[in-house]
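The structure appears below as structure tokens.
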Amino acid sequence: MKKLYLNTGGFNTIFNNLKERFNGDLTINDNEYTLTVQTKWAKGTISGKRFEKEMSYMHFDMVFYNDVSLSIESFQTSPIFFAYCEDGMLTHSFGENGNRKNLKKQQSGILSNKSSINSVLHFEGFKHTEFSLVSMPTTVDEEDDNYELASQLKEMFTDESGNYIYVGTGNSKIFEKLKEFRTTSQTGIVKNLLQKSILNTIVAIEIAQHSYNYITMITPILDLANKQFDELKRISNINIGEVFYSIGHLGKNYFPRLFKERYPQNSLAKTA
């Protein structure tokens, strides 16, 4: 068993820490991070992208040549993590000896940790593991555009104990969106907006399917998200002046407004 420890902080800190722990090669390009690992005990890639307001995405595609545990200290921003297993299996526990929950292929999980106990990810040796993490902060200022969203996420996906975890069957629409995120062909600011829109849609789906009226809520969410996605793809083929004009109308405050319209306070239910 190989034990690794990850000290949290900013995105640069996290990836430089991962580089040190995994002894990999790190490249950074336009706020996108890729860590390539090829050692005697592991191979694969860990990639990620940070967006404004500390929303982030990470993707692990690894094979370990020994059983591995990765102990992660609590984040100061108290984020909610949405996890999606695309191949293999990973196991989570609060603390090295805590109760363990498996996240298998095509399953999803939701995790938050405000306690002093580390979250620990366990990986079996000689087995390919691929999973994605979408992180949304819950500690934002009241005047922040995302304050209402952060408050609702905290209400739905945290626990008084400080530790919360849910594991269930993955939503096929979300796995499709994750693939779209990784295969976006656009570049620059348009790519950034497209990918941010995809992550916002994923979080919207999670909120909807953990609410009472999931069936009636999810269709308009996807319809609106797909319309915005198509429009953002369209602006990649026009001049830069029109791009910035479109950004002001399409990108600014999109998700908080969508959230407020689609998920009024009394429609949400906390999932045990």
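The values are calculated or read from the model by the stated rules, or taken from the named source; none is laboratory data. Keep in mind that what you see is a predicted model, and the values were worked out from it rather than measured. Positions of Cβ are backbone-derived with ideal geometry, glycine not excepted, and every protein chain shown enters the neighbour counts. Surface areas here come from the heavy atoms of the whole protein model, side chains and all, with no ligands, DNA or RNA. Shrake-Rupley method; radii C 1.70, N 1.55, O 1.52, S 1.80 Å.
How big is the accessible area of GLU130 in square angstrom, nearest 10, if you roll a 1.4 angstrom probe over the protein chains?
40
Mind checking the per residue accessible area of the stretch 129-204 for me, 1.4 Å probe, whole number of Å²?
Values: 3180 Å² over 76 residues.
So the stretch 129-204 comes to 42 Å² accessible per residue, rounded to a whole number.
I'd like to check one number: the per residue accessible area of the stretch 3-72, probe 1.4 Å, reported in Å² as a whole number.
Here the per-residue accessible area is 47 Å².
Ignoring ligands, DNA and RNA, what percent of the 1.4 Å accessible area of the stretch 106-168 is carbon and sulfur?
45
Starting from the Cα of LYS105, draw a straight line to each of the aspartates and glutamates and keep only those under 12 Å, dropping any in the same chain fewer than 8 residues away.
Partners within reach: GLU86, ASP87, GLU130.
Which percent of the accessible area of the stretch 1-104 is formed by carbon and sulfur heavy atoms (probe 1.4 angstrom)? Show your work: numbers first, answer last.
On the way: 2090 of 4970 Å².
The value for the stretch 1-104 is 42 percent carbon and sulfur by accessible area.
Please list 71-82, 159-170 highest first by mean number of surrounding beta-carbon atoms within 10 Å per residue.
71-82, 159-170
Check the straight Cα-Cα distances from LYS114 and name the aspartates and glutamates below 14 Å, setting aside those fewer than 8 residues away within the same chain.
Partners found: GLU73, GLU155, ASP159, GLU160.
Is the stretch 51-118 rounded, prolate or oblate when judged by the Cα gyration tensor, a ≥ b ≥ c being the square roots of its eigenvalues, rounded requiring a/c under 1.5 and prolate requiring a/b larger than b/c?
Note, shape of the stretch 51-118 comes out oblate.
Points 7 angstrom from Cα along the Cβ direction at GLU96 and LYS43: gap in nanometres?
3.0
If packing is taken as the average number of other Cβ atoms within 10 Å across a peptide's residues, how do 32-42, 107-117 rank, most packed first?
On the way: 32-42: 15.9, 107-117: 19.3.
Averaged packing, sorted descending, gives the order 107-117, 32-42.
Quick one: of LYS43/LYS179; LYS101/LYS154; LYS3/LYS191; LYS40/LYS191; LYS101/LYS177; LYS127/LYS154, which pairs are farther than 32 Å apart, Cα to Cα?
On the way: LYS43/LYS179 22 Å; LYS101/LYS154 21 Å; LYS3/LYS191 36 Å; LYS40/LYS191 36 Å; LYS101/LYS177 25 Å; LYS127/LYS154 34 Å.
Over 32 Å Cα-Cα: LYS3/LYS191; LYS40/LYS191; LYS127/LYS154.
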